[in-house]
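The values are calculated or read from the model by the stated rules, or taken from the named source; none is laboratory data. Here the structure is a predicted model, which means the values were calculated and not measured. No Cβ is skipped: glycine too gets one built from the backbone with ideal geometry, and neighbour counts run over all protein chains shown. Side chains included, ligands, DNA and RNA excluded: accessible areas come from the protein's heavy atoms. Shrake-Rupley method; radii C 1.70, N 1.55, O 1.52, S 1.80 Å.
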Amino acid sequence: MRPILRLHELDLLRGLACLAVVAFHFLSRGPRSGDMPGATMLFDPVSRYGYLGVHLFFLISGFVILMSAQGVSARRFLASRMVRLYPALWAAATVTALTAWIVGSRRYSVELPEYLANLTMINHWLGVDYVDGSYWSLSFELHFYLLMAAVIFFGMIKHIHWLYLGWLAISVVNLVRPMHPVQFWLAAQWAPLFVAGGMFFLIRNEGANRRNLLILGCSLLLAIAYAVKETATLSVRTGAPFSPVVAVLAILSFFAVFALISCDLWSMKGNIWTYMAGILTYPVYLLHQHFGFMLYDLFRSSVGELLAFVFMCAAIVFVACAVRGYVERPSNHLFRRLKQRFAPSAMPAV
């Protein structure tokens, strides 16, 4: 087993994935859906594919989560993941809900029960809408974390290859005959990306043996199949054409980049860009959509569309920095102190 170090390449990829999703919402979906009236559609032919940033996020998560699961208890694994997810979510959901209340937004209004349910991150179990539409991906992240915690708890991490194959088999069945419970609880549509990320981690540590390459190849084929199917759904839903060729090329490029990382053909030292991507990606992702739409509408009436767009982006980054500095960092420090006090062994860097 190779030593587990922080991979700055993953921080950069996180930042790029976040920028892609933000571009999708601000330069394609927002103007088209009426959430950002008057905003430019000039970049829509490219920015409409920014939704694929979520696919990259899931691939990164598959890599990082298996890396984080090495040599830890299920309790510590879950604790580290919850500290990562919840404090920033609580802050972002509060900012979004308060903004909707202050500006009197009907489109993005949040009722108190809805807000409280979102703080649990299991609001989808209760049939409660998300405070921000971007939170949907957190639901699948949470389910993935719970599945991995169960694997650790039952001592099955040594059988992870077989578990991955079983998950992919379920994904194949769901592709041929979609089943909501399987998709909802087992994240069947996204399993190929989570599995592929894990396999890239195993290849980096074990090498590109036949078993690892076989599972990775199955993941790639399934990820492509789901991506092609998704373009057809998006084309019908939005009325805009989504090319399956572009989606396939994007998936192939994601896998190619991870192949470079897992084979040590690409590595980078930490710098200001990887640092900023590492600390701001999550709060920006949580804040940008509904909060951003409300700010844009607020600024647009007084300064026009272009300046409203600039001020909106600046405000999102500013609030994200505040969430990082005043919420995430203190939470992380508290968790480290508690960990050192009660369980002083080291944990993998993520």
What is the helix-to-structure angle for 329-342, meaning the angle in degrees between its Cα long axis and the longest Cα principal axis of the chain, kept from 0 to 90 and rounded to the nearest 10?
30 degrees
The stretch 40-173 - Debye-derived log10 I(q)/I(0), Cα point model, q = 0.09, 0.12, 0.15, 0.16 Å⁻¹
-0.37, -0.63, -0.90, -0.98
Grab the DSSP H runs of the chain that are 4 residues or longer, score each as -39,500 (n - 2.57), total them, divide by all residues and round the 222 nm result to the nearest 500 deg cm²/dmol.
-24000 deg cm²/dmol
Can you give the accessible area of Trp125 in Å² (nearest 10), computed on protein heavy atoms with a 1.4 Å probe?
110 Å²
Counting pairs of alpha carbon atoms under 8 Å apart in space and at least six apart in sequence, what relative contact order in percent does the chain give?
28 percent
Give me the number: length gained by fully extending Arg107 to Leu249, i.e. 0.36 nm times residue separation minus the C-alpha to C-alpha distance, one decimal in nm.
47.6 nm
For the stretch 96-247, what's the relative contact order in percent, using C-alpha pairs closer than 8 Å and at least 6 residues apart?
14 percent
Going 7 Å from the Cα of Leu146 toward and past its Cβ, which residues in the stretch 86-129 have a backbone nitrogen under 14 Å from where you end up?
120-128
May I ask you to derive the relative contact order of the stretch 224-313, considering only C-alpha pairs under 8 Å and at least 6 residues apart, and to give it as an integer percent?
15 percent
Hey, for a label at Gln70 modelled as a point 7 Å past Cα toward Cβ, could you say which residues of the stretch 186-227 have their backbone N under 18 Å away?
195-209, 212-213
Taking the stretch 211-278, the whole-percent share of alpha-carbon pairs separated by over 20 angstrom is 50 percent
Counting only heavy atoms of the protein chains, get the accessible area per residue of the stretch 236-350 (1.4 Å probe) and round it to a whole Å² value.
56 Å²
Taking the dipole about the Cα centre of the stretch 160-293, with the C-beta of Lys and Arg at +1 and of Asp and Glu at -1, give me whichever of Cys218, Ser243, Val257 is farthest to the positive side.
Cys218
On the protein heavy atoms, probe 1.4 angstrom, tell me the percent of accessible surface of the chain carried by carbon and sulfur.
70 percent
Find the centroid of the Cα atoms in the stretch 72-90 and in the stretch 105-130, then give the distance between the two in whole Å.
21 Å
Given 10 Å bins starting at zero, what is the percent of C-alpha pairs of the stretch 156-304 in each, up to the one with the largest pair distance?
10, 26, 32, 23, 7, 2, 0
In what sequence, highest mean first, do 277-288, 223-234 appear when ranked by Cβ atoms within 10 angstrom?
277-288, 223-234
Quantify how much of the Cα-Cα distance distribution of the stretch 48-96 extends past 17 Å, in percent.
55 percent
Coordinate range along principal axes, alpha carbons of the stretch 86-129, Å, largest first:
29, 22, 13
Mind pulling the angle between the C-alpha long axis of helix 8-24 and the longest principal axis of the chain? Nearest 10 degrees, somewhere in 0 to 90.
40 degrees
To the nearest 20 debye, what charge dipole does the stretch 39-151 have about its Cα centre, counting +1 at the Cβ of each Lys and Arg and -1 at the Cβ of each Asp and Glu?
300 debye
Using only Cα atoms, tell me the angle between helix 305-323 and the longest principal axis of the chain; keep it within 0 to 90° and round to the nearest 10.
50 degrees
More than 27 angstrom separation, counting every C-alpha pair in the chain; what % is that?
48 percent
